[in-house]
Amino acid sequence: MGWNPYNVFDLNYGEAEAMAQADLLVSSGLAKLGYDHVNIDDGWWLRREADTIRVRTTIYPSAALPDGTTSLRPFVDRLHAMGLKAGIYTDIGLNTCSQRWRPGTPNLPAGTVQQREVGTYGHHAQDAALLFTKWGFDFIKVDACGVADYAPDVGEVTDGTFRAFTPLIVREKPAQSKAGELARQYADFAEEVRRVAPGRTPLISICAWGQADVNDWAQRYGQMSRTSFDISPSWDAMLFNFDSAASRALFAGPGHWNDPDMLEVGNGAFDGKHLTAARAHMSLWAVLAAPLILGNDLRRMTPEIAAIVGNRAVIAVDQDPAGNQGVVVSRVGDGQIVAKALSTPGRKAVALINRGKAPLKLSVDLADLGLAPTAPTRIHDLWTDATTAATNGRISVALAPQETALLLVEGRPLADGIDLPADLPARFDVADEGFKAPDRTPARQWVLAQIGFRPYGAPLLLDGKPDHAGLGVAAGSRVRIDLGGRYDRVSLDPRTLGGTTGRYVIRVGGRTLAEGVASQKAHQMILHVRDARQLELVAPPAADGLKEFGWYRMSLHRRPDA
Ligand code: GLA
């Protein structure tokens with residue numbers, strides 16, 4: 001949680017603006033609520049020098065040292081003295097986003113081609129030591145235009161403005177991107193950061209916009225990873241970014257969060273004149289357990305906007321220690337329901353979302369939230385503070401256009417001692433194992449694995465009804481569940497979908513526990529997993545394209561003593 005200048009200032013800011021925001025984080029009480037990172041973005045550098053990066057002292061005056069060198073240490077020290085954390089920005093390539101896309105912008109790097117190469121490519125060890133050991137930063141956003149937008153045939157490259165960098169990311173074309181090499185670059189950078197900051201763990205924010213399948217591996221090298229291109233303060237842009245993360249609940253958990261981008265609460269379509277939409281935006285980020293990085297100018301924040309970003313109960317949903325991202329329960333027309341399992345069994349934060357421009361009535365069965373329909377259930381609206389009960393095992397709300405109700409639902413689990421996948425998405429880890437990726441295009445999005453939905457996004461149906469306890473996965477995927485020795489048995493029903501043949505394998509601690517030929521027949525299996533720490537479900541590989549497989553009707557039975 002924190003603040004970042006980019007949404008409101010682009011590159012038109014410096015130390016004075018950042019410190020003014022830092023003061024307001026503290027004086028408004030937002031820092032105490034958790035918003036404690038002040039992350040500067042693109043635009044702090046003047047040029048790269050032999051063994052350092054020179055800071056632009058016209059906008060960071062405290063960086064000018066008496067000996068003529070520059071350092072952001074004084075800036076970082078001031079933030080630390082206020083009880084805040086300090087974040088900085090780099091690019092995994094040679095050059096940055098603003099250099100390529102906004103050439104007229106002030107505060108771009110200056111000097112020769114080489115001096116303007118302020119990105120960290122080829123300088124990981126040196127930059128990590130500078131930013132984390134010498135200057136003491138706590139957080140870094142690592143952008144990726146440098147490895148995407150400087151191909152040899154780009155005009156600014158052929159005219160000699162920038163050096164060519166053969167792209168590792170081909171935008172919207174994962175199959176043409178070089179994900180392996182991109183991963184190696186981020187892995188190496190992360191390794192250097194760990195090396196220079198022993199005993200500390202600076203946070204790494206991967207900013208490769210969900211390209212090159214980054215979100216299938218980013219969890220290993222960064223604490224957060226952008227799932228889409230830049231947000232803007234419009235309703236549709238906010239929903240687009242929300243969607244890019246919402247299908248990826250199985251890829252987030254403590255220490256590795258999906259990042260749909262900085263908040264636009266307080267800006268444009270989410271400003272003081274659009275409080276319903278602003279509350280919706282905040283609700284959606286909270287139910288996703290997304291990083292909450294304010295992107296508004298705190299000097300102009302109205303009390304109503306301050307109350308939205310400062311709503312303690314909503315922040316508590318976002319920051320719940322179990323670290324589960326909300327799971328999409330349903331999406332019909334403009335209505336969408338997302339439920340986030342909280343640390344206490346039987347407790348869920350439920351977002352009922354009206355994505356549209358007309359009023360909408362929405363309801364959801366407690367059973368579809370994994371809650372017992374007949375148990376006493378308390379429903380607390382985190383925006384209106386009203387408390388109600390469920391009627392006939394159902395929660396119903398009437399929503400204004402662009403309204404989201406964020407409800408804290410406290411009931412009983414559907415069955416005592418049994419967890420469903422949606423109760424513990426943070427304990428899942430998904431990777432490809434022989435998966436052949438087709439291109440992910442805006443029209444043809446897919447996800448390696450999700451709860452209740454197929455990889456291409458259609459509901460996972462069982463006898464015509466959505467299976468909220470099933471996982472739709474891609475052929476050639478591996479789903480790992482961290483059982484932590486807490487379970488006796490796992491029950492599931494493996495079935496082919498969309499043409500997979502071949503053998504699925506279920507492993508426990510590296511040993512094959514069960515395997516079989518994928519078929520369409522129902523076959524509920526009981527796996528005895530006592531003491532096992534990990535269960536691995538490997539869907540059969542497919543020769544090419546995206547073939548689908550289902551791990552249906554999954555339930556995890558807790559050990560009586562766990
Ligand atoms: C990219 C990133 C943004 C921001 C800008 C800065 O577009 O995605 O979040 O950092 O670069 O130039």
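The values are calculated or read from the model by the stated rules, or taken from the named source; none is laboratory data. Note that the coordinates shown come from a computational prediction; the quantities given were computed from them, not determined experimentally. A quick note on method: Cβ atoms are made from the backbone with ideal geometry, for glycine too, and the neighbour counts reach across all protein chains shown. In case anyone asks, the SASA skips ligands and DNA or RNA and just uses the protein heavy atoms, side chains included. Shrake-Rupley method; radii C 1.70, N 1.55, O 1.52, S 1.80 Å.
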Any hit, the stretch 300-318, residues being at pLDDT 95 or above and farther than 23 Å from residue 385 by Cβ: yes
Residue satisfying condition, being in contact (Cβ under 8 Å) with a residue 12 or more places away in the chain, out of contact with any Gly (no Cβ under 9 Å at 6 or more places or on another chain) and buried (at least 17 other Cβ atoms within 10 Å of the Cβ), within set 162, 137: 162
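Name every residue in the stretch 80-99 that is in contact (Cβ under 8 Å) with a residue 24 or more places away in the chain, more than 9 Å from the ligand (Cβ to nearest atom) and outside any strand (DSSP E or B), in order of residue number.
Within the stretch 80-99, 80, 82, 83, 84, 92, 93, 94, 95 qualify.
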Per-region count, the stretch 14-54, residues open to solvent by 10 Å² or more (accessible area, probe 1.4 Å) and not charged (D, E, K, R): 15
Failed condition for residue 6, given (1) within 16 Å of the ligand (Cβ to nearest atom); (2) without any contact (Cβ under 8 Å) to a residue 60 or more places away in the chain; (3) open to solvent by 30 Å² or more (accessible area, probe 1.4 Å); (4) within 19 Å of residue 138 (Cα to Cα): (2)
Filter result for the condition that a residue is charged (D, E, K, R), part of a strand (DSSP E or B) and open to solvent by 30 Å² or more (accessible area, probe 1.4 Å), over 530, 553: 553
Positions within the stretch 417-457 being in contact (Cβ under 8 Å) with a residue 12 or more places away in the chain, surrounded by fewer than 16 Cβ atoms within 10 Å (Cβ to Cβ), at negative phi and not acidic (Asp, Glu), in sequence order: 438, 441, 442, 444, 445, 456
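Residue-wise test of (1) at pLDDT 95 or above; (2) farther than 25 Å from residue 219 by Cβ; (3) in contact with a His (Cβ under 6 Å, 6 or more places away or on another chain).
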position	(1), (2), (3)
479	yes, no, no
492	yes, no, no
501	no, yes, no
512	yes, yes, no
Candidate set from the stretch 388-410 (those that are open to solvent by less than 60 Å² (accessible area, probe 1.4 Å) and assigned to a loop (DSSP other than H, G, I, E, B)); member that is modelled with the lowest pLDDT: 390
Exclusive hit being more than 16 Å from the ligand (Cβ to nearest atom), assigned by TED's automatic domain parsing to the domain that holds residue 141 and at pLDDT below 95, set 67, 51: 51
From the options 91, 77, residue that is under 18 Å from residue 40 (Cβ atoms), surrounded by fewer than 23 Cβ atoms within 10 Å (Cβ to Cβ) and of a type in the set (Asp, Glu): 77
Qualifying positions in the stretch 527-544 - under 17 Å from residue 486 (Cβ atoms) and hydrophobic (A, V, I, L, M, F, W, C): 527, 529, 532, 535
Condition check for residue 498: within 20 Å of residue 250 (Cβ to Cβ) and either open to solvent by 20 Å² or more (accessible area, probe 1.4 Å) or touching a residue at least 60 places away in the same chain (Cβ under 8 Å) (or both): yes
Any hit, the stretch 175-185, residues being touching a helix residue (DSSP H, G or I) at 6+ places or on another chain (Cβ under 7 Å) and within 14 Å of the ligand (Cβ to nearest atom): no
Test: residue in the stretch 166-179 that is of a type outside the set (S, T, N, Q) and closer than 22 Å to residue 5 by Cβ: no
Any hit, the stretch 280-289, residues being at negative phi and either open to solvent by 30 Å² or more (accessible area, probe 1.4 Å) or basic (Lys, Arg) (or both): no
Selection within the stretch 468-521 - assigned to a strand (DSSP E or B), among the charged types (D, E, K, R) and within 29 Å of the chain's Cα centre (by Cα): 478, 480, 482, 507
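Against the condition touching a strand residue (DSSP E or B) at 6+ places or on another chain (Cβ under 8 Å) and in the same structural domain as residue 258 (by TED's automatic domain parsing), how does residue 144 come out, does it pass?
Yes.
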Residue in the stretch 189-202 that is in contact (Cβ under 8 Å) with a residue 40 or more places away in the chain, of a type outside the set (Phe, Trp, Tyr) and within 16 Å of the ligand (Cβ to nearest atom) present: no
Subset of the stretch 250-301 (residues that are under 9 Å from the mean Cα position of the chain (by Cα), away from the ligand (no atom under 16 Å from the Cβ) and not in a strand (DSSP E or B)): 251, 252, 288, 289
Residue ID - nearest to the chain's Cα centre (by Cα), chosen from residues in the stretch 367-387 that are open to solvent by 30 Å² or more (accessible area, probe 1.4 Å) and among the β-branched types (Val, Ile, Thr): 384
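Quick one: in the stretch 55-68, of everything that is open to solvent by 10 Å² or more (accessible area, probe 1.4 Å) and touching a helix residue (DSSP H, G or I) at 6+ places or on another chain (Cβ under 9 Å), which residue is nearest to residue 119 (Cα to Cα)?
Among those that are open to solvent by 10 Å² or more (accessible area, probe 1.4 Å) and touching a helix residue (DSSP H, G or I) at 6+ places or on another chain (Cβ under 9 Å), it is 56.
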Of residues in the stretch 224-236 being open to solvent by 10 Å² or more (accessible area, probe 1.4 Å) and more than 9 Å from the chain's Cα centre (by Cα), the one nearest to the ligand (Cβ to nearest atom): 230
